[in-house]
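Written out below as structure tokens is the structure these notes cover.
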Amino acid sequence: MGKVYIVGGGPGDPELLTLKAYRVLREADVVLYDALVSKEILEFTKPSCVKIYVGKRDGRHSLPQEEINELLFRFSKVYDTVVRLKGGDPSVFGRGGEELIYLSERGVEVEVVPGVTSAIAGPFSAFIPVTYRGVSSSFAVVTGHPKRDVDWSAFSEVDTLVVLMGVKNRRKIAGELIRAGRDPEEPVAFIERATTQEQREVFTTLRELSENPPEVEPPAVMVVGRVVEIGKKVLLRHGHARKSL
Ligand code: SAH
């Protein structure tokens with residue numbers, strides 16, 4: 001019986017993969033991967049490795065979670081090293097926890113390899129620290145997916161709010177946050193394709209976002225809070241965050 005590794009692939013830049021994820025990928029007999037996993041990372045696998053895409057494609061839905069669970073289980077019977085590779089960190093909106101429970105309940109040996117999450121690395125790749133002495137002493141990460149019922153009033157007090165999967169819903173989110181008591185002039189940033197060559201930042205405010213939202217292309221991390229000013233200031237001085245590449 002083989003072992004299943006639930007692996008975080010990091011936010012995009014292959015160099016942000018952990019050494020452990022790199023080693024496990026090189027040893028993998030089969031890899032099941034999602035849409036947000038960068039293609040360069042898959043090239044670390046050996047030639048005989050079977051690579052299976054289980055994410056969304058051309059608007060079609062991804063493989064149902066139950067089928068992914070079942071596939072992982074079956075593969076663990078025939079392969080030594082099975083890798084479930086996800087973007088960022090597997091535990092952050094990655095359903096890594098569900099796979100972990102399914103497999104452990106069936107007696108499969110599972111190991112977790114945490115990854116660098118876009119929720120924290122995304123903002124900082126645009127020079128926005130999620131905490132900063134005297135400016136922000138707390139942060140929260142929330143889903144902005146239109147199908148999730150979020151009580152936005154719960155996020156009125158948190159200093160830095162990071163929203164994942166929020167691009168489509170951005171106008172409504174901003175309105176909800178203002179209604180919940182956040183300052184309409186509070187700065188907001190979107191970091192598109194963070195840590196990749198195509199990284200782009202969009203700066204706005206809650207008010208502008210709720211009235212006349214700027215263009216933003218997914219995938220992007222949305223950050224709300226005074227720390228956004230820090231990133232903006234450094235970027236203005238420095239030019240584009242990924243200029244050095
Ligand atoms: N497990 C992932 C998050 C999965 S939810 C992680 O830890 O990063 C998917 C959302 O993550 C996207 O909708 C987007 O908001 C964000 N995201 C992931 N990778 C990103 C990237 N390189 N740049 C910007 N946003 C990203």
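I'd like the carbon and sulfur percentage of the solvent accessible area for region 61-117, probe radius 1.4 Å, heavy atoms only, ligands and nucleic acids excluded. Mind dumping the intermediate values first?
Working: 1570 of 2900 Å².
Summing carbon and sulfur atoms, their accessible area is 54 percent of the total for region 61-117.
In region 36-150, how many lysine pairs have Cα atoms under 19 Å apart, counting only pairs 8 or more places apart or on different chains?
Working: K39/K51; K39/K56; K39/K86; K46/K86; K51/K77; K51/K86; K56/K86; K56/K147.
Close lysine pairs found across region 36-150: 8.
Just subtract the alpha-carbon distance of E208 and R226 from 0.36 nm times their residue separation and send over the number in nm, one decimal.
Numbers: separation 18, 0.36 × 18 = 6.48 nm, distance 1.58 nm.
So the chain would gain 4.9 nm between E208 and R226.
Just to be sure I understand the model, the point goes 7 Å from the Cα along the line to the Cβ. What's the resulting S138 to K77 distance in nm?
4.9 nm
Can you tell me how much longer the chain between A180 and T131 gets when fully stretched, taken as 0.36 nm per residue apart minus their C-alpha distance, in nm with one decimal?
In short, 15.5 nm is gained.
May I ask you to work out the translational diffusion coefficient for region 118-244 at 10 °C, viscosity 1.306 mPa s, via Stokes-Einstein with Rh from the Kirkwood sum over Cα pairs, reported in whole µm²/s?
Estimated via Stokes-Einstein, D reaches 112 µm²/s.
Write down, largest first, the equivalent ellipsoid semi-axes of the chain in whole Å, where each equals the square root of 5 times an eigenvalue of the alpha-carbon gyration tensor. Kindly include the intermediate steps, with their values, before the conclusion.
Values: eigenvalues 242, 78, 46 Å².
Those come to 35, 20, 15 Å.
Leaving out ligands and nucleic acids, note down the accessible area per residue over the chain with a 1.4 angstrom probe, in whole Å².
So the chain comes to 52 Å² accessible per residue, rounded to a whole number.
Out of region 120-193, which trypsin sites (Lys or Arg not before Pro) are coil in DSSP terms and have no more than 13 other C-beta atoms within 10 Å? Present the calculation step by step, with values, prior to reporting the outcome.
Numbers: sites: R133, K147, R148, K168, R170, R171, K172, R179, R182, R193; in loops: R133, K147, R148, K168, R182, R193.
Filter output for region 120-193: R133, K147, R148, K168.
What is the calculated FRET efficiency for K51 to Q197, with r their C-beta to C-beta distance and R₀ = 25 Å, to the nearest 0.05? Display every interim value, and only then the final one.
Values: r = 22 Å, r/R0 = 0.90.
Rounded to the nearest 0.05, the efficiency is 0.65.
For region 1-136, compute the orientation-averaged projected area of the C-alpha convex hull (one quarter of its surface), in nm².
Working: hull surface 37.4 nm².
Dividing the Cα hull surface by four gives the mean projection, 9.3 nm².
The values are calculated or read from the model by the stated rules, or taken from the named source; none is laboratory data. From a predicted model like this one, the values you see are computed outputs, not experimental measurements. All Cβ positions, even for glycine, are placed from backbone atoms using ideal geometry, and neighbour counts span all protein chains on display. In case anyone asks, the SASA skips ligands and DNA or RNA and just uses the protein heavy atoms, side chains included. Shrake-Rupley method; radii C 1.70, N 1.55, O 1.52, S 1.80 Å.
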